[in-house]
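> I'd like to ask you about the structure that follows.
Derivation of every value follows stated rules applied to the coordinates shown; laboratory data play no part. All values derive from a computational prediction rather than experimental measurement. FYI the Cβ positions are ideal-geometry reconstructions off the backbone, even for glycines, and counts take in every protein chain you see.
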Ligand code: SAH
């Protein structure tokens, strides 16, 4: 069983004093003043998909309205996608990386990382296994590994698409030239995941070495959109130096980009990175942000991430209850799983693909939803 059921989550959840009467008033919608206003903000987010900066900040800064927010997010999700949860087979095909992002365990500068890369044949074996299990999306994710040329990536994508024409291929291989993105698209790639990581220039510089820039990252995302990919952006919750204003900027950038997918999960420290001693992102805040995102982007494909399942034993189920509608079980060969270590204590490194799927199926059901065998394209 993956996910360490029963253990206590790693992230400290700040206890906040709550007033029972206030809560009751909010639930019955009889509250006045500040509380009443907060219900109005949630309602406004739900009906208009937007709110003022100060309203969003107030919502992010309190856990008092989490249940109300969760219910609104769940209703919105169900109105677009019903009780469907989409599955993506994740193939982590290389942990070599030329970059040195300060938060990431597979950064090029980590000399303790035990590096591996999968051959085309090994990737196709993962897809064969996944297809049998009902996966109709394969996500190829890796570090920025220049050993795979554009020709190699196109060859891999083309092979998957010709073997499984009814499956979608998602790439998540970092920043490339527009011409490369164009070639992958022509080879058949359908979607691309590239989290923007943070939409604040000054915060971006604190998470990355100087050769990486937010400007370039954003340019890649706009290029991907222009080329007709279904695009995913996103960010970590609780990354070092993150302030509520940064999260607000992330939401505003997402409104501008209008991505089809949004990936968010808590930051979790990795022992061999400059951020080893920073605390993990807050669990409740991550759930709250999932709900806010669902209200602002009703159509979006929103995964309950492995990182969320890592900081809390039932994190993925709770993610689904708070607005998420995608899970991404691991299809990578088990012998390499531990090596794709973006952060410490990552879950699901020991199970074969079939076990992973069965475990998630059980979790999805427990949360009150059902997994579908479907490409799971965005519904605008
Ligand atoms: N090279 C690809 C894939 C990166 S790994 C790219 O550049 O897009 C996928 C995501 O994992 C990253 O975008 C980042 O948001 C997340 N991640 C990396 N390190 C992490 C950490 N320590 N804690 C939580 N998430 C992390």
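> Under a GNM of the chain (C-alpha, springs under 10 Å), which listed residue has the highest mean-square fluctuation: 331, 60, 302?
Ranking 331, 60, 302 by mean-square fluctuation puts 60 first.
> Does region 201-348 come out rounded, prolate or oblate, given a ≥ b ≥ c as the square roots of the eigenvalues of its C-alpha gyration tensor, rounded meaning a/c under 1.5 and, failing that, prolate meaning a/b above b/c?
Because its axes are fairly even, with a/c under 1.5, region 201-348 counts as rounded.
> Exposure proxy check: 272, 53 ranked by fewest other beta carbons within 10 Å?
53, 272
> What is the distance in Å between the Cα centroid of region 327-367 and that of region 117-170?
Each part's Cα centre sits 18 Å from the other's.
> In which sequence would 379, 337 go, from the one with the fewest C-beta neighbours within 10 Å to the one with the most? Before the final figure, lay out each step's value.
Values: 379 12, 337 17.
With the fewest neighbours first, 379, 337 line up as 379, 337.
> Still on this model: For the chain, give me the percentage of DSSP beta bridges that are antiparallel, rounded to the nearest 5 percent.
Details: 1 of 31 bridges.
In the chain, approximately 5 percent of DSSP beta bridges are antiparallel ones.
> Residue 355 versus residue 80, label points 7 Å from Cα toward the beta carbon: distance in nm?
It works out to 3.5 nm between the two label points.
> Take peptides 137-143, 253-259 and line them up by average Cβ neighbours within 10 Å, highest first, as a rough protection proxy.
137-143, 253-259
> Compute log10 of I(q)/I(0) for region 223-270 with the Debye formula, placing one identical point scatterer on every Cα and leaving out solvent, at q = 0.13 Å⁻¹, to two decimals.
The Cα Debye sum returns log10 ratios of -0.35.
> Fewest Cβ neighbours within 10 Å first, please rank 291, 312, 119 accordingly. The partial results should precede the final answer.
Values: 291 30, 312 24, 119 11.
Ranked by crowding around the Cβ, least crowded first: 119, 312, 291.
> Any idea what the relative contact order of the chain is, in percent, if you count C-alpha pairs under 8 Å spaced at least 6 apart? The partial results should precede the final answer.
Details: 713 pairs, mean separation 96.4, N = 380.
It comes to 25 percent, rounded to a whole number.
> Further question: Rounded to two decimal places and with Rh computed the Kirkwood way over Cα pairs, what is Rg over Rh for region 162-255? It would help to have the intermediate numbers written out before the result.
On the way: Rg = 14.7 Å, Rh = 14.3 Å.
That ratio is 1.03, to two decimals.
> In a GNM of the chain with a 10 Å cut-off on Cα contacts, which of 261, 328, 362 has the highest mean-square fluctuation?
Evaluated over the chain, the most mobile residue of the options is 362.
> Assuming a ≥ b ≥ c are the square roots of the Cα gyration tensor eigenvalues, decide whether region 258-320 counts as rounded (a/c under 1.5), prolate (otherwise, with a/b larger than b/c) or oblate.
It comes out prolate by the Cα gyration axes.
> Tilt of helix 353-367 relative to the longest C-alpha principal axis of the chain, in degrees (0 to 90, nearest 10)?
10
> Would you please classify the overall shape of the chain from the alpha carbon gyration tensor, given that a ≥ b ≥ c denote the square roots of the eigenvalues, rounded means a/c under 1.5, and beyond that prolate means a/b larger than b/c while oblate covers the rest?
Because a/c hits 1.5 or more and a/b exceeds b/c, the chain counts as prolate.
> Another question, then. Considering Cα pairs under 8 angstrom that are at least six residues apart, work out the relative contact order of region 83-129 and quote it in whole percent.
34
> Note down the nm distance, to one decimal, between modelled labels 7 Å out along Cα→Cβ at residue 255 and at residue 119.
5.2
> With runs of 4+ DSSP H residues as the only contributors, calculate the mean residue ellipticity of the chain at 222 nm using -39,500 (n - 2.57) per run, divided by the residue total and rounded to the nearest 500.
Details: 15 runs with 166 residues, N = 380.
Only helices count here, giving -13000 deg cm²/dmol.
> Starting from 0.36 nm per residue, how many nanometres of slack lie between residue 215 and residue 53 once their C-alpha separation is accounted for? Mind dumping the intermediate values first?
Numbers: separation 162, 0.36 × 162 = 58.32 nm, distance 2.30 nm.
Roughly 56.0 nm would be gained on extension.
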